[in-house]
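Every read-out reported here was derived from the displayed coordinates using simple, explicitly stated rules and does not represent laboratory data. All figures in this text were calculated on a predicted structure; none of them were measured in a lab. Quick reminder, even Gly has a Cβ in these numbers, built from the backbone with ideal geometry, and neighbours come from all protein chains shown.
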Amino acid sequence: MFIIWIISLSLLLVYFLRIVSYLKGWNRSLQTVHGADDHKGISLVIPVRNEESNIDLLINDLILQDYPEELLELIIVDDHSNDNTCEIVRSRLAEHPGLRLLELDISEQGKKTALHKGILSASHRIILNTDGDCRIEKNWVSGMVKGFSDPGIRMITGAVLFEPCNGIFRGMQSLEFLSLTAVTAGAVGLKSPILCNAANLAYYREDYLRFTDEQVRLSESGDDIFLMLWLKKQYPSSMLFSSVHGTIVRTAPSENLLSFAMQRLRWTSKSRFYRDLHMISTALLVYGLNAMIMFLIIASFRESGLILLTCLIFLGKSITDFLILLPVTRHYGKARLLRYFIPLEIIYFVYVSLIGLFGQIFSFTWKGRRIPVGKQYKPLG
């Protein structure tokens, strides 16, 4: 039992120190100067599949951007939608001189292929990405690209928030996603990024093309992460997190447990291909501590001497999590989501333990397609 105490308390201590470091990085990201307005040519590439419910609203947002039309190229790439997505886009093409629709050929398939096709056809050096199910503010483009006034910056990522976030299921998703935003910004602030989000991401076209020339497509999910890690090696300290409110991207949370599970399995499936020590250690630390809590709860039914340890570890982790969630929820005006903190903590260790395991052994469904676990690809291009 002594060994269990030592292992559990050691995990908690290391977890606490890691989260405190991200909190420091978060504060640094908030203090980062994002540069002055310097209008450059931007190619906004959006891969879509079956987005008829939102694509019209997104196009409205794109057309209303406070950015010179002649410098903004809007490329929507359709991945064999079987709804009215393409028809809606075609009906809007005349409303912006830079708006284009590309469609994948019969031999082409997948979000990564759609993204690659769009970037190959892009005219400008800076690539900006979002998703077809997102909403953006009118100064999103101008705000996101300000950081490129610094020649040392090669990638910029920003916050993605879930809305609406009413109700306990949506609220817990939103709160958990804010924790990922905090870790994203925190790691960037430490000059060692481990997360980014393709729904709010900017980078240089030549970097992407070099990356795809050198890399194998390792998973059906996660070229954004792998591009980020490649840039981290090629250009250390070259990533910026945009904390400006105008650069927030909003998307809807999952509507039910099945779609939520499929989304998380898709995200987790790529972890087998990570080689970055900081990313791996953080993932193992989070998984290890949550799995330990689950183990301690089960073991406490047979060994009552572990009940105190279980309570200490759970309470210590909860306090640590609250330390980083409090500032990030306040920054984005989402402090009311903290009402879901306790129920989220109660189920979080079960969720992380199961998804972390199942993501390595089960396939997932994305946009009506079944993706086998461990699926690999040859290099793009």
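Taken about its Cα centre, region 30-254 carries a charge dipole of roughly 760 debye when the Cβ of each Lys and Arg holds +1 and the Cβ of each Asp and Glu holds -1. Along region 113-121 the Karplus relation, 6.51 cos²θ - 1.76 cosθ + 1.60 evaluated at θ = phi - 60°, assigns HN-Hα couplings of 5, 4, 4, 4, 5, x, 5, 4, 8 Hz to successive residues, with x for each Gly and Pro. Between the amide H of VAL77 and those of ILE46, VAL48, LEU102, distances stay under 5 Å, these residues lying 5 or more places away or on another chain, with hydrogens modeled in the peptide plane. Between the alpha-carbon centres of region 257-272 and region 1-56 there is a gap of 18 Å. Equivalent-ellipsoid semi-axes for the chain (Cα gyration tensor, √(5λ), whole Å, largest first): 36, 22, 20. Legend: residue pairs LYS232/LYS270; LYS117/LYS146; LYS111/LYS138; LYS111/LYS334; LYS146/LYS191; LYS40/LYS138, Cα-Cα distance threshold 21 Å; pairs beyond threshold, LYS117/LYS146; LYS111/LYS138; LYS111/LYS334.
Need one word for region 30-254: rounded, prolate or oblate. Basis is the Cα gyration tensor (sqrt eigenvalues a ≥ b ≥ c); a/c below 1.5 gives rounded, then a/b vs b/c decides.
On the way: a/c = 1.30, a/b = 1.17, b/c = 1.12.
It comes out rounded by the Cα gyration axes.
Its DSSP H runs of at least 4 residues, each contributing -39,500 (n - 2.57), put the calculated 222 nm mean residue ellipticity of the chain at -16000 deg cm²/dmol, to the nearest 500. Close amide H partners of GLU163, meaning residues 5 or more places away or on another chain with modelled amide H under 5 Å apart, are THR251, ALA252.
Ordering SER142, PRO47, LEU120 by Cα displacement along the dipole of region 30-254 toward the positive end leaves SER142 in first place; charges were set at the Cβ atoms of Lys, Arg (+1) and Asp, Glu (-1).
If you run the Gaussian network model on the chain, springs between alpha carbon atoms under 10 Å, then out of PHE241, PHE148, PHE322 the most flexible one is PHE322. Relative contact order (percent) for the chain, with alpha-carbon contacts under 8 angstrom and 6 or more residues of separation? Reported relative contact order: 22 percent. Across region 346-352, computed HN-Hα scalar couplings (Karplus, 6.51 cos²θ - 1.76 cosθ + 1.60, θ = phi - 60°) run 5, 9, 5, 5, 6, 4, 5 Hz from first to last residue, x flagging Gly and Pro. Backbone amide hydrogens, once placed in the peptide plane, bring GLU52 within less than 5 Å of ASN84, THR85, excluding anything fewer than 5 places away on its chain. A straight line joining the Cα centroids of region 79-95 and region 155-189 runs 29 Å.
What does the charge dipole of region 290-367 about its Cα centre add up to, to the nearest 20 debye, if the Cβ of each Lys and Arg holds +1 and the Cβ of each Asp and Glu holds -1?
Values: 7 positive and 3 negative charges, 77 e Å.
Using only the charged Cβ atoms, the result is roughly 360 debye.
Electrostatic tally near PRO327: other residues with Cβ closer than 13 Å to its Cβ, Lys and Arg +1, Asp and Glu -1, net +3. The alpha carbons of region 135-241 give a radius of gyration and a Dmax of 14.8, 45 Å, in that order.
Hey, fewest Cβ within 10 Å first, where do ILE4, ILE298, ILE355, ILE75 land in order?
On the way: ILE4 16, ILE298 11, ILE355 19, ILE75 23.
With the sparsest Cβ surroundings first, the list reads ILE298, ILE4, ILE355, ILE75.
Enumerate by residue number the trypsin sites (Lys or Arg not before Pro) in region 264-366 meeting two conditions: DSSP loop (anything except H, G, I, E, B), and at most 14 other Cβ atoms within 10 Å of the site's Cβ. Walk me through the intermediate numbers first.
Values: sites: ARG264, ARG266, LYS270, ARG272, ARG275, ARG302, LYS317, ARG330, LYS334, ARG336, ARG339; in loops: ARG275, ARG302, LYS334.
Of the trypsin sites (Lys or Arg not before Pro), the ones in loops of region 264-366 whose Cβ has at most 14 other Cβ atoms within 10 Å are ARG275, ARG302.
If you build a Gaussian network model of the chain, linking Cα atoms that sit under 10 Å apart, which residue out of ARG92, ARG154, ARG170 swings the most? Residue with maximal mean-square fluctuation among ARG92, ARG154, ARG170: ARG92. Computed 3J(HN,Hα) for region 189-200, one whole-Hz value per residue from the Karplus formula 6.51 cos²θ - 1.76 cosθ + 1.60 where θ = phi - 60°, is x, 8, 6, 9, x, 10, 9, 7, 9, 5, 7, 7, glycine and proline marked x. Dipole of the chain computed with +1 at Lys/Arg Cβ and -1 at Asp/Glu Cβ about the Cα centre; of LEU74, GLN215, PHE2, farthest Cα towards the positive end is PHE2. Placing R0 at 45 angstrom, the Cβ-Cβ distance between GLU214 and LEU315 gives a FRET efficiency of 0.45 after rounding to 0.05.
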